[in-house]
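Engineer: A single structure is presented below for examination.
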Amino acid sequence: MTATDQLETPLEDGDGGADGSMVRLLKSWRLAGIFIPFVILFVVLSIASGPFLHTANLVNILDQQASYLDIAAAGTLVLVAGGIDLSVGATYGLTTVIAGELALHGQPVLAIVVAVAAGLVVGLVNGLIVTVLRINPLIATLATSFVIAGAALKVTSGNLVVLSATSSFFKFANAQFLSIPSAVWMSAAFIAVLALLLARTTFGRHVVAAGGNAEAARLAGVRVNLIRVVTFVISGGAAGLGGVIDTSRLLSAQAGSGGSPLAFTVLAGIVVGGTSIAGGEGSVVRTAIGVLFIALIGNGFNLLGVDPLYQQIVLGLLLIAAVALDVWARRRRR
Amino acid sequence: MTTGAFEDTPPVARTPGDDLVVAGVSKRFGGVPALTDVSLTVRAGTVHALVGENGAGKSTLGKIISGVMTPDEGSVHLGGVTLSLRSPRDALAKGIVTIAQELAIVPGLTVAENVYLGAETHRAGFVRRGEARRRFRELADRVGFRLSPDWLAGQLTTADQQKVEIMRALSRDASIVIMDEPTAALAEHETAALHAIIRSLAREGKSVILVSHFLSEVLALADEITTLRDGRVIRTVAAADATEETLIEGMLGRSLGAAFPDKTPPPAQAEVVLRVEGLVAPGVRDCSLEVHRGEIVGIAGLVGAGRSELARAVFRDVRAQRGTVHLAGANLSGRGPYHSLRRGLALIPESRKEMGLLVGRSVKENVSLSRLDLVSRFGWVSGARERRAVASLLERTTVKAASLRQPVAMLSGGNQQKILFARAVMCGPRVLIADEPTRGVDVGSKRAIYDLIVEMAREGMGVVVISSELEEVLGLAHRVLVMRQGRIVAEFTGHAMNQQAVLAAAFSETSEHQGVR
């Protein structure tokens, strides 16, 4: 008797901790997601730095982030469906050089169409590798990113493509509407479409189900593999669109642009936005805020003249905090 | 309750060693008693078998003896010393070894490395491979297994992997060996070899606790047999005094947990809605069955008899190697669950958390998942239509939820199960397969689920109920099929459909073709 009593007591103590209010607080923080820290950071930067709040600075941030926002929005769908796409950086590089070469040869429309199509094809290949060959998406997209990066180098033979600002291709991302460049409008529209797709359509529900519990989803009649392939196709297409936007915006294209830094920054934005790396839940809008949050940190550090070194450290710590919160929230639910 | 046990037992050949005494052990899982005041004595140098229905508490008792679980009340003594085991490792140190149903080998290590895992002979941290191989050979000779020490364990057959586990147990100088269904995966000649080992263990003065569904095996091997029912010891008898009939009788006769609704027999000339012919799939061997409109067909059998495997093969969740499935005339072969559902076959899977629910998502999303197309237009989900549809389904299935937005993780097991029924009802199937429809469900919800099943059948649906609770199958079904080792071995209707007959068919190894089949 005494022996078992001793065994049982610590177990019960461990389970019965009364931290309900703390749980609720953190849960609501998670619901509000990244919004509150974003607003706080925004206000702090507005006060601390004069130039921050200028329209030019803010529009500039959005313009710079347009491609990242596109790619991250699509990456959110991939993550929610239970996958991950590390090849977006390489795909972005490939599509910039495709768009750059075609634009250089006076084919602006073809440049846009072919580059985005190339992204879609890459996404389809990724999706098929993951579902048909059943290769872990992390490894599959890591592998394809090498292939894609090689192909991109082949397109330009490693050279930098430089375009002129007089070409009509330049207008694609730089046309102004209400003093805001078309790149920003496009990414806003893309985010809105994907946000609605995830939150309001049968497809979105199936994406959530596939990532939340693939087995249950399959038994409930969700075509999990099809759904996953589609998310990869969307992700590839978004990388293509991002590549075209930046080629038009910057008037240059290089195979090595994007790459793993882009893939990881985008992933960081998604995760900071509170989308779970384990799949099954997430929000495109929160991803957008997450990407902008990271951009604000960079912008703020620049404006305040802080050593960029700290920027990376802060970003890293932020990521750990975001994921820890996610893991913790999941464990509580079980 | 077990006072008779000691008088019943004949004098056993006493050999050196220590008796294992289980004294008044109780264990509850979330308020549900799994074991109640269980006492028994396993004498040194004997084989002691535990028998009982699925869920009678055999495995729980084995886990308590082996330190995997701690009892809520009572204690376990070995050789007069009270054991307070905190972990399987503790139990190992005391000489108690378990060979579990689920194998615990490391596939990437060799046979010898697996046998001596955690007890490697080493010098300054380096494993002495030659020494291990020599010891392995000695051990293999002693037990008569032909296994190379250098094969990778992951490449062995299940039976050989089991041998690795047995050798591991023997290499530890165990005094108590607990075997949970050791022969379930073995072929006949391997079973014979294992039986010889079990006998030789007992001769060496060790105690073997044998948990087995195979009554003839139990009768042949055991010295004493303890029958468990609903977590209580019914009796402990000498194997010489027991027969299959007396053992089955002991396992039977539990009180009815929940009353069942009245049976409405299906119309006499009801057409066949589900026809399965010669189905062969993993765990399913040549199964054929028919389900009629308005009929409830029960599938009984022991855990591992292939009931759930059959359900998933019929639903086309796993690919069948042979055989056909026709649903109301349409062939379901070669397609997946999506197509089965579209054709009108729904499945409520055996484990709702792993295979049924999105536990983190809302009640609403979980119910509408299969048929979102009914509440959407061009892929756009209409919030209002979805809420209306789900609300009426929840009412029909008597789900009690705070709101449609409540995550299903917050609901009771009964309500979670009803959510799956609501989802199935939304699909409007011609045939519903409900696998363990009331597992882990409170009594009140059980009755509600029974009512629902009977009502759906009355409306013309064909229902297949798979359950480990025999009275549930008998209480609901118009017709009962019994499965054993992947086959449908018996079929019962009318008065022939009783516990005794079904259990005998489920347990027996020889009596094929009972009933009308």
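The values are calculated or read from the model by the stated rules, or taken from the named source; none is laboratory data. Just so it is clear, the structure is predicted and the values come from calculations on it, not from any experiment. With ideal geometry, Cβ positions are generated from the backbone for all residues, glycine too; neighbour counts draw on all protein chains shown.
Engineer: Out of B:314, B:280, B:303, B:318, I need the residue that is crowded, with 23+ Cβ neighbours inside 10 Å and touching a residue at least 24 places away in the same chain (Cβ under 8 Å). Which one? Before the answer, list the steps.
Structural biologist: Details: B:280 fails: crowded, with 23+ Cβ neighbours inside 10 Å; B:303 fails: crowded, with 23+ Cβ neighbours inside 10 Å; B:318 fails: crowded, with 23+ Cβ neighbours inside 10 Å.
Going through B:314, B:280, B:303, B:318 in turn, the sole match is B:314.
Engineer: How do the pairs read when you match residues in segment B:108-125 that are aromatic (Phe, Trp, Tyr) with residues anywhere that are at pLDDT below 80 and surrounded by 12 or more Cβ atoms within 10 Å (Cβ to Cβ), using Cβ under 6 Å and keeping only pairs 6 or more apart or on different chains?
Structural biologist: B:116/B:132
Engineer: Of a type in the set (Asp, Glu), over 21 Å from residue B:341 (Cβ atoms) and away from chain A (no Cβ under 13 Å), is that true of residue B:436?
Structural biologist: no
Engineer: Then there's this: Among A:193, A:184, which is part of a helix (DSSP H, G or I), at pLDDT 90 or above and over 24 Å from residue B:382 (Cα atoms)? Break it down into steps so the answer makes sense when it comes.
Structural biologist: On the way: A:193 fails: over 24 Å from residue B:382 (Cα atoms).
Only one candidate qualifies: A:184.
Engineer: Follow-up. So in segment A:193-211, with the set limited to residues that are out of contact with any helix residue (DSSP H, G or I) (no Cβ under 7 Å at 6 or more places or on another chain) and within 16 Å of residue B:368 (Cα to Cα), which one is farthest from the other protein chains (Cβ to nearest Cβ)?
Structural biologist: A:199
Engineer: Also, I was wondering about something else. Only one residue in B:108, B:95, B:80 is out of contact with any Pro (no Cβ under 9 Å at 6 or more places or on another chain), modelled with pLDDT under 80 and not aromatic (Phe, Trp, Tyr). Which one? Spell out the reasoning first.
Structural biologist: Numbers: B:108 fails: modelled with pLDDT under 80; B:95 fails: modelled with pLDDT under 80.
On inspection, the qualifying residue turns out to be B:80.
Engineer: Take the residues of segment B:409-431 that are part of a helix (DSSP H, G or I) and in contact with a Ser or Thr (Cβ under 6 Å, 6 or more places away or on another chain): which is farthest from residue A:216 (Cα to Cα)?
Structural biologist: Pass one, segment B:409-431, residues part of a helix (DSSP H, G or I): B:409-410, B:413-426.
If we keep only those that are in contact with a Ser or Thr (Cβ under 6 Å, 6 or more places away or on another chain) as well, we get B:414, B:418, B:421-423.
Working: B:414: 18, B:418: 15, B:421: 14, B:422: 15, B:423: 12 Å.
Residue satisfying both the conditions and the ranking: B:414.
Engineer: List the helices (runs of 4 or more DSSP H) inside segment B:336-408, counting only whole elements, that have at least 2 residues being surrounded by fewer than 19 Cβ atoms within 10 Å (Cβ to Cβ) and more than 10 Å from chain A (Cβ to nearest Cβ).
Structural biologist: Numbers: elements: B:337-343, B:363-368, B:383-396.
In segment B:336-408, B:383-396 are the helices (runs of 4 or more DSSP H) which contain 2 or more residues that are surrounded by fewer than 19 Cβ atoms within 10 Å (Cβ to Cβ) and more than 10 Å from chain A (Cβ to nearest Cβ).
Engineer: Looking at this structure, is residue A:49 within 15 Å of residue A:262 (Cβ to Cβ) and in contact (Cβ under 8 Å) with a residue 24 or more places away in the chain? Let's see the steps before the verdict.
Structural biologist: Details: within 15 Å of residue A:262 (Cβ to Cβ): no; in contact (Cβ under 8 Å) with a residue 24 or more places away in the chain: yes.
So residue A:49 does not fit the description; no.
Engineer: Checking residue A:219 against (1) more than 20 Å from the chain's Cα centre (by Cα); (2) surrounded by fewer than 22 Cβ atoms within 10 Å (Cβ to Cβ); (3) at the interface with chain B (Cβ under 9 Å from one of its Cβ atoms), only one condition comes out false. Which one?
Structural biologist: (2)
Engineer: Report, ordered by the first and then the second residue, all pairs with beta carbons closer than 8 Å, sequence separation of six or more or different chains, a first member in segment B:399-420 that is closer than 18 Å to residue B:388 by Cβ, and a second member that is in a strand (DSSP E or B).
Structural biologist: That search, which allows pairs on different chains as well, returns B:404/B:362; B:405/B:362; B:406/B:362.
Engineer: Please indicate, with yes or no, whether at least one residue in segment B:296-303 is within 28 Å of residue B:494 (Cβ to Cβ), part of a loop (DSSP other than H, G, I, E, B) and away from every other protein chain (no Cβ under 14 Å).
Structural biologist: Looking only at segment B:296-303, we keep the residues that are within 28 Å of residue B:494 (Cβ to Cβ), and these are B:296-303.
Filter again for part of a loop (DSSP other than H, G, I, E, B), leaving B:302-303.
Checking the rest, the ones that are also away from every other protein chain (no Cβ under 14 Å) come to B:302-303.
Within segment B:296-303 (the criterion being within 28 Å of residue B:494 (Cβ to Cβ), part of a loop (DSSP other than H, G, I, E, B) and away from every other protein chain (no Cβ under 14 Å)), the answer is yes, since at least one residue qualifies.
Engineer: Now for a different question. Here are A:270, A:313, A:245, A:294: which of them is among the β-branched types (Val, Ile, Thr) and surrounded by fewer than 21 Cβ atoms within 10 Å (Cβ to Cβ)?
Structural biologist: Numbers: A:270 fails: surrounded by fewer than 21 Cβ atoms within 10 Å (Cβ to Cβ); A:245 fails: surrounded by fewer than 21 Cβ atoms within 10 Å (Cβ to Cβ); A:294 fails: surrounded by fewer than 21 Cβ atoms within 10 Å (Cβ to Cβ).
After applying the criteria, what remains is A:313.
Engineer: With touching a Pro at 6+ places or on another chain (Cβ under 7 Å) and either crowded, with 22+ Cβ neighbours inside 10 Å or modelled with pLDDT of 90 or more (or both) as the only criterion, which of B:449, B:433, B:466 stands out?
Structural biologist: Details: B:433 fails: touching a Pro at 6+ places or on another chain (Cβ under 7 Å); B:466 fails: touching a Pro at 6+ places or on another chain (Cβ under 7 Å).
Matching residue, one of B:449, B:433, B:466: B:449.
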